1. Largest first, what is the accessible-area ranking of A:I94, B:I327 with a 1.4 Å probe?
2. Over chain A, what is the relative contact order in percent, taking alpha-carbon pairs closer than 8 angstrom and at least six residues apart?
3. Tell me the accessible surface of B:S421 in square angstrom (1.4 angstrom probe, heavy atoms of protein chains only), to the nearest ten.
4. From the Cα trace of segment A:123-186, what convex hull volume per residue do you get, rounded to a whole Å³?
5. How large is the Kirkwood hydrodynamic radius of the protein assembly as shown, counting all unique pairs of alpha carbons, in Å?
6. If you count only protein heavy atoms and use a 1.4 Å probe, how large is the accessible surface of A:R24, to the nearest 10 Å²?
7. Let me know the mean shielding of A:124-135 by other chains, meaning the per-residue number of their Cβ atoms within 10 Å of its Cβ.
8. Starting at 0 and stepping by 20 Å, how many percent of the alpha carbon pairs of chain A end up in each bin?
Amino acid sequence: MTDLAVDRATTPETDPSSSALCVRGLWKVFGPNAEKLVGTPDLELSRQELQAKSGHVIGVRDVSFDVAPGEVFVVMGLSGSGKSTLVRLITRLIEPTAGTVLLGGDDLTAMGEEQLREIRRRKVSMVFQHFGLLPHRKVIDNIAFGLEVRGEDKGARRGRAQEMVDLVGLSGYEQNYPDQLSGGMQQRVGLARALAGDPAVMMFDEPFSALDPLIRRDMQKEVIRLHHEVGKTMVFITHDLDEALKLGDRILIMRDGAIVQVGAPDEIIGAPADEYVRDFTAEVPKSHVLTLRWVMRQPASADEGAGAPALPDTTVVREAARAVLAADGPVRVVDSSGTVVGVVDDEDILRVVVVEHHDDSSPAAGS
Amino acid sequence: MTTTLEPARTPAPIEEEQPRTVLPPSRRTGRKLLVVLALWLLAWATLRGRQTLVLANADTTGLHEWFNDLRDKVQVLGQDNWFFHGVLGTVATALDDFVGFLQDHLSAVTPGDYVGWFGVLALAAWVTYGLAGLRSTLLVSAVLLYLGVGGLWTDGLDTLIVTLVAVVICIVIGLPLGIAMSRSRRTSSLLTPVLDVMQTMPSFAYLTPISLFFGIGPACAIVLTLVYALPPLVRITEHGLNSVGENTVEAGRSLGVTKGQLLRQVQLPMAKRTIVVGINQCTMAALSMATIAALVNGPGLGKPVVAALQTLNVGAASVAGLGIVFIAIMLDRTTTAASERSAPGGQRVAAVGSPGIFGGRTLVLEKLPRWATEEGGRGATAKRLTPGGRRLVLGALLVPALLAAFYSTRYLQLSEFPDLSGVPVIGELTAGPLGGHINDITDAVVNAISG
């Protein structure tokens, strides 16, 4: 099992040209003349040791990953883990110390100022935690700002901005100023502004951390909806595990600037790479995330569970529970091609569900 | 498999890694102090007893003489040197001529083709109404009438002219400087000490050199004012641009703005309120130089103040001084109201920029009565005309204003402010009686104290 997770974590799709975003060996070291440190043994030191030695601070340490087109890729970590720095390195809002970033095959790290500006105007956009709206402009002009910057004429950008207003559900507020809107609505403006330029990749830097929980849930749904509608590749930064599990096709967990684990949500929960990730994920209701693949066992005999209906191995445990418990014996688990890959019985299911109840002090938590 | 699903221990609180800032290199304070002490001792050992004695009344040291020599050389060179004569001379002549032109047309009381007091009052009221609103118009009219009644019309308008010309030059020089300083740390560290010198050097110390370069008169007065009034504008502009929220600047950069777009569409609009405060401070500083400018024959209200000082006439000095104060209040409220009016959405200006920017402004201005700024402390704006309606009203009002200006060139009563000292009540406000009253009060207080 663990093999699978490691497999996915260390060898992302190796063909950079087919991925929407390809990051290789990205470093950020804060401090004077940091680029001279690259390749020296000093960078092997831990954050604390290096800071004590030379005053340099490692922001991001040798990060590589790929994001497939249309994927929602979540970068997760606690504050100070380097995730916000990482997302800024990708578009060079902060200059990387070393490493390469390929966006749809274009090497961003080798670009001059002019080319980079063109990429930012057309290929990649960003949504910020604190919105970053222009207070002296109306909602519609804020949304059109990116289009104005790249020189589109007023009629065209107003039309496009109006489409975005409708898309994010701000109709009727076009003529308001940002400070007349609530936080959630301001972030919708930020979202619309990022969408307006029709970028290939959208970056989200903890976009909902400043919002209250109810609004946050709404906005998460909104992002899922938009992802279905416009199908953008998304890189989403968060410190909230629930948010990561809800949105992410894959999740990258960072600590102290380095990658701890990359994997699909069920891999992160089912096979945490180390104690850190295990602690992190301890309170997640496992039956909501784990699929049958993680709880099945090899059939004792070839015809075990033959009488019961088969379930796909991607079914989440919680959804499979009723069917399995209702069956008299073990239930077969099949993969996408229909081949039987294992069986589950009541005990396998209950182990996941009941352990949670036992684990959490409050009876309401868990399922 | 099962290992991953074992009942986990109670989740330990995960220690948050806080981002650490780069440690400043050790300061080596001790060693620096030692170096300073050593230099100090060295200077004492070599310079001991040289030019340190108390000077007699007319004695000079080498340094004094060196400066005086320099003065003499400049005076000689001033005749035909390309820089002193060519550049500075041209600047001085141009400024003198320009101020003279404005004086002739606005403040002088020669009837003829020139606009008289009534016309000036009408035009000023019209411009203020267009830029700032009704309250400001009333304030401007009241201040101008006070100047007229007090017999300070010419001097008061001269002060206004010199101040406004100086402030416009300050803006032309100061805004680009402030922008340059906010963009480059090096420029900022180079210019900051220069601004320090400009702001703290006593004006009497540079009065003479500047009058040597520019000759006495309006040009010299304007340059004097520039030296003192420019630094606050530059500093506040720099501060305003630097305090534009990092989030917004970053968002702009993520959309691919050029430096020019960032400045024009993000930084300047967001720093506008702060920059207006800078212009206000610049105006106040310029007015505070009015008296000193009078020492180099600068036109304006400084002249009666200086003259009154020489005769110890407290009353006359106060009447003219009040004129300066009223002009200051008038300019401050009017420019503030004008900037608030041009802000988007009228009443929402308070929300632009971060609250921190307004710290200085609150301190300086909030305590003064804010009646004349259009909000008038009521928090909300009074009902306003639509932009189209306003334009119509303004256009209609231009006719009487122009008529007033025209008639003030034809009739002496409208050209020269009438002497109202004989009129009851209002007469008490004219310079003579008002000054007399102030003198009486002063005398009474002095007598009471000295018993």
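1. Details: A:I94 40, B:I327 0 Å².
These residues rank, largest area first, as A:I94, B:I327.
2. Here the relative contact order equals 17 percent.
3. That residue has around 60 Å² of solvent-accessible surface.
4. Given the Cα convex hull of segment A:123-186, per-residue volume reads 93 Å³.
5. That comes to 33.3 Å for the protein assembly as shown.
6. 80
7. 5
8. All Cα pairs considered, the percentages come to 26, 51, 22, 1.
The values are calculated or read from the model by the stated rules, or taken from the named source; none is laboratory data. Worth saying up front: this structure is predicted, and the values here are computed from it rather than measured. Methodologically, a virtual Cβ is constructed for each residue, glycine included, from the backbone with ideal geometry; neighbour enumeration extends over all protein chains shown. Calculation scope for accessible area: heavy atoms of the full protein, side chains included, ligands and nucleic acids excluded. Shrake-Rupley method; radii C 1.70, N 1.55, O 1.52, S 1.80 Å.
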